[in-house]
Number of protein chains: 6
Amino acid sequence: MGGLQRPMPRLSHYDDRGRARMVDVSAKPRTARQATASVLVRMKARTRRAAESNPKGDPLEIARIAGIAAAKRTAELIPLCHPLPLTNVDVQADFCREGVAITSTVRAAGPTGVEMEALTSAAVAALTVYDMLKALDRGIEITDLRLLEKSGGKSGTYRAPHSRAGRS
Amino acid sequence: MGGLQRPMPRLSHYDDRGRARMVDVSAKPRTARQATASVLVRMKARTRRAAESNPKGDPLEIARIAGIAAAKRTAELIPLCHPLPLTNVDVQADFCREGVAITSTVRAAGPTGVEMEALTSAAVAALTVYDMLKALDRGIEITDLRLLEKSGGKSGTYRAPHSRAGRS
Amino acid sequence: MGGLQRPMPRLSHYDDRGRARMVDVSAKPRTARQATASVLVRMKARTRRAAESNPKGDPLEIARIAGIAAAKRTAELIPLCHPLPLTNVDVQADFCREGVAITSTVRAAGPTGVEMEALTSAAVAALTVYDMLKALDRGIEITDLRLLEKSGGKSGTYRAPHSRAGRS
Amino acid sequence: MGGLQRPMPRLSHYDDRGRARMVDVSAKPRTARQATASVLVRMKARTRRAAESNPKGDPLEIARIAGIAAAKRTAELIPLCHPLPLTNVDVQADFCREGVAITSTVRAAGPTGVEMEALTSAAVAALTVYDMLKALDRGIEITDLRLLEKSGGKSGTYRAPHSRAGRS
Amino acid sequence: MGGLQRPMPRLSHYDDRGRARMVDVSAKPRTARQATASVLVRMKARTRRAAESNPKGDPLEIARIAGIAAAKRTAELIPLCHPLPLTNVDVQADFCREGVAITSTVRAAGPTGVEMEALTSAAVAALTVYDMLKALDRGIEITDLRLLEKSGGKSGTYRAPHSRAGRS
Amino acid sequence: MGGLQRPMPRLSHYDDRGRARMVDVSAKPRTARQATASVLVRMKARTRRAAESNPKGDPLEIARIAGIAAAKRTAELIPLCHPLPLTNVDVQADFCREGVAITSTVRAAGPTGVEMEALTSAAVAALTVYDMLKALDRGIEITDLRLLEKSGGKSGTYRAPHSRAGRS
């Protein structure tokens, strides 16, 4: 915990007077950006089986569509987020041992990254799964929403140290 | 796991042909509805301290506002969710040992519950915390998003069996 | 063409000065409203077969979800339309001889009807079908968008004289 | 109908597992794009005359504004559509023998086309005409919504084989 | 300045900890609400004449439509505002000696007032006038945006002491 | 008033038939754009003191967040405005002698200016101040909303002749 010795990092979302601000990306070049986020919708085995055995429709398809649509609306939901013309949103949702595993990958060419778009997309896909299954089990949990990796931009590539996705 | 013996529960969000549908609440009376959801934004102690020591602004205030605004847009994000004229949204966000603990309570008078509004509100507040702190630590996790309780409507009151809120 | 003899009907969406206005429904009681609209997405048989034979996904499912979501946003799209808390949106989309036949039924309890919600929902579902199939055939047409029936309110029940839906 | 002999065309909106996806346009260059769509709002002559003789306001002006606004929101309505910063939307609405003829032309510089924006814009303009005249005639039909032409991008220029616009 | 002697009024939008909150209107009855706001778009006489002499279109018609549409989106723009199903929005925009005078009257049946809807509607109508005339004169000012009157609810009727509307 | 002698300026937002249109910016290059708008929320000294002395929260912080969010939605509110991917929105709100002084600066790289974004952002921030203080005083006025300066694009830099901001 030697962190206290290092100088306290500064919050880029705050100005000198300590007020929240959007980060100014006017001077940054447009480069290819990509980010992937994952989330787990944890549910009882019984609930998962009911969802899996739905005779014809695929309950995860609606979650995927909702996740794609949400990525496009990230800047409306997250106050200090920049609007970006996304070039791709790819949401995967699959049944796994613990419930439903979701990943969302977002791409854009822009002056700032798309981490928030990937996280928002995954979150809304997970909320949609909850919505469709809540009549079966209100105790479903949405958990481990995290950034798996991002690339592009000056700060370069980030990769999460130990991905839960690998466990399921 | 004797659950298999019981008849498989039916997904109310699917029609007889197995296709996704909105639940028809036309015949349900308008009654007072309330739901509370909670979520944890888990971060390193160092990150939390940087956020807490921000000289003047309160980084959690923006998260709370984003959570309130998101509750009002739930029906735009969750495809099969009903639009409801909300009468209150109360988002609390507090630093805790593990990072930031958020709860959102939503109220409305309507023919259906407000669980999705509470969960969406908490999720977007948590995403906003992530957005504001991500320059410090991209490994922040949003976890344990769950319904704490709901009341109103025919299905009555639900209370989560063991609330994480109690632990923090 | 004896219509000219009858007094010219008045446009309720215009005031005495000839300016567009929202119809004031403040004094109207909240009653149960329902409306059904239909539309045909006409395409070449070859295009329809390609869509039908898509190995796993159901291309019409996304159209249905888009139609449900659009119903909820009608008042944002149609300037003089009243916002209404909808209680149900049911979109059906099926392959037919000429392409894809879509119907949307919308219900609400409110002081005005939901015809625009049903028509908007059907239109957006049809546009979504076009979007998904346009790479195969840009000549797909969206046609015969019409109100099949409405009920509720002072003006009572309307039923379209000869429904195209019956023909397909 | 020798179409069956040719290999079945592939739906670009579906991945290898048959699941709906956004088309990834990340690698495509930004080029000038244009698309024009048309639609007919078919009504009784009596209804058209009532609309035309409205003393001062122009009932088609509101339809045009609604069509322009809708073009900008296409990516919110059509789930797999990319958001694009449009550079022009031009909606024309004119009384014709059969009712009201609408065309919408949309332009943008982007990695993908603006067909959906033109079609959505024309559709919402037509729905707005319906909304304003529905008190006169609920049997008004919106018909022949189609792409007249598009240009720009790798697939080049498309022109509809025989334009209904030419007929009216 | 004897105001200091009176107890400091409490901000209803803040809770006991001094944090912003939505006012809880869950227990309030739904009653008829109405509010009227006005605003002046002040411009040079030369600019006003150019706008007035526009050969065919009425530049104020678009401002009116924008004002009506904005009223319906007030709760999306004003963070702590409650969503309400409006029953009427009536925007008037007229040339006056100083430029363009706008009033907006909004009505709803709900548990809280519609002042913010009237003010937001008038503001957006004024901004739209600015947008349409800004190429002529970037010095146009939007001024005197205020509540003229409100009625309904427990706090009863409010009427502005000396209305600018009376002066123009 | 020799203005009458000069040829009447033409409204760029109108076509040859006098109909409203979006200005076509397809051929314009993307350049760095910036605009700053200011507005005054005028209130009684007593109201300002109550707002200033709010024990913990800063009532102006929510106004600032609302102003940032509104800038991003300008093209949804102003019908003929082009959507632009903004790179920065900076809203300042400070108590002044007359009440609250707000300025908003918006930046983007695009084919057209961001004046409307700056004005809309300032207006919504001011409306949010009104919303939070209206229980204290319904007579609060929003006044002197104007463009302070803009830069970028072919028309070059504009600076308001005598800025009210300088007075407060």
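Quick notes
- Helix E:115-133 axis versus longest C-alpha principal axis of chain E: approximately 20°, rounded to the nearest ten.
- Projecting label points 7 angstrom from Cα along Cα→Cβ for residue B:23 and residue D:17 puts them 2.8 nm apart.
- Ordered by the number of other Cβ atoms lying within 10 Å of each residue's own Cβ, fewest first, B:52, C:117 fall into the sequence B:52, C:117.
- Burial ordering of B:23, F:41, D:25, fewest other beta-carbon atoms within 10 Å first: B:23, D:25, F:41
- Dipole magnitude (debye, nearest 20) for region B:104-168, charges at Cβ of Lys, Arg, Asp, Glu: 220
- Helix-only CD estimate at 222 nm, as mean residue ellipticity for chain B, using -39500 (n - 2.57) per DSSP H run (n ≥ 4): -8000 deg cm²/dmol
- Shortest first, residue D:12 label-point distances to identical copies amount to 3.4, 3.4, 4.2, 4.5, 5.5 nm, with the label point at 7 Å from Cα along Cα→Cβ.
- With respect to the axis relating copies F and D by rotation, the chain F residue whose beta carbon is closest, plus that distance in Å, is F:85, 3.
- Exceedance of the 18 Å cut-off in Cα-Cα distance is limited, within the set C:134/D:154; A:72/F:72; A:72/B:134, to A:72/B:134.
- Helix E:59-71 axis, angle to chain E major axis (alpha carbon atoms, nearest 10°): 20
- Part-to-part distance (alpha-carbon centres) for region B:96-168 and region D:132-153, which is given in Å: 44
- The same position residue C:52 in the other copies lies at 3.2, 4.4, 6.6, 6.6, 7.6 nm from this copy, comparing label points 7 Å beyond Cα toward the beta-carbon, shortest first.
- Between D:152, D:110, D:139, the GNM of chain D built on Cα springs shorter than 10 angstrom shows D:139 fluctuating the most.
- Ranked list, fewest to most other Cβ atoms within 10 Å of each Cβ, for A:127, F:147: F:147, A:127
- Pseudo-label separations to other copies for residue A:155 - Cα-to-Cβ vector, 7 Å, nm: 3.7, 3.7, 3.9, 4.3, 5.5
- Net dipole in debye of chain D [+1 Lys, Arg Cβ; -1 Asp, Glu Cβ; about Cα centre; nearest 20]: 320
- 11 Å beta-carbon shell around residue A:36, net charge (K/R +1, D/E -1): 0
- Distances between every pair of Cα atoms in the protein assembly as shown, grouped in 20 Å steps from 0 to the bin holding the largest one, split as 14, 48, 34, 4, 0 percent.
- Computed 3J(HN,Hα) for region E:45-50, one whole-Hz value per residue from the Karplus formula 6.51 cos²θ - 1.76 cosθ + 1.60 where θ = phi - 60°, is 4, 4, 5, 4, 5, 4, glycine and proline marked x.
- 3J(HN,Hα) from dihedral phi, region C:141-153, Karplus parametrisation 6.51/-1.76/1.60, rounded to Hz, x for glycine, proline: 10, 9, 9, 6, 6, 7, 7, 7, 6, 9, 8, x, x
- A cut-off of 5 Å between modelled amide H atoms, ignoring neighbours fewer than 5 places along the same chain, links residue B:98 with no other residue.
- Cα lying deepest toward the dipole's positive end in chain B, options B:156, B:127, B:96, charges on Cβ: B:156
- Here the Karplus relation 6.51 cos²θ - 1.76 cosθ + 1.60, evaluated at θ = phi - 60°, turns the backbone of region C:32-40 into coupling constants of 5, 10, 8, 8, 10, 10, 9, 8, 10 Hz, with x for every Gly and Pro.
- Directionally averaged shadow of region B:45-152, computed from the convex hull of its alpha-carbon atoms, nm²: 7.2
Each value in this text was obtained by applying a stated rule to the coordinates, not by laboratory testing. A quick note: this is a predicted structure, and the numbers were derived from the prediction, not measured. No Cβ is skipped: glycine too gets one built from the backbone with ideal geometry, and neighbour counts run over all protein chains shown.
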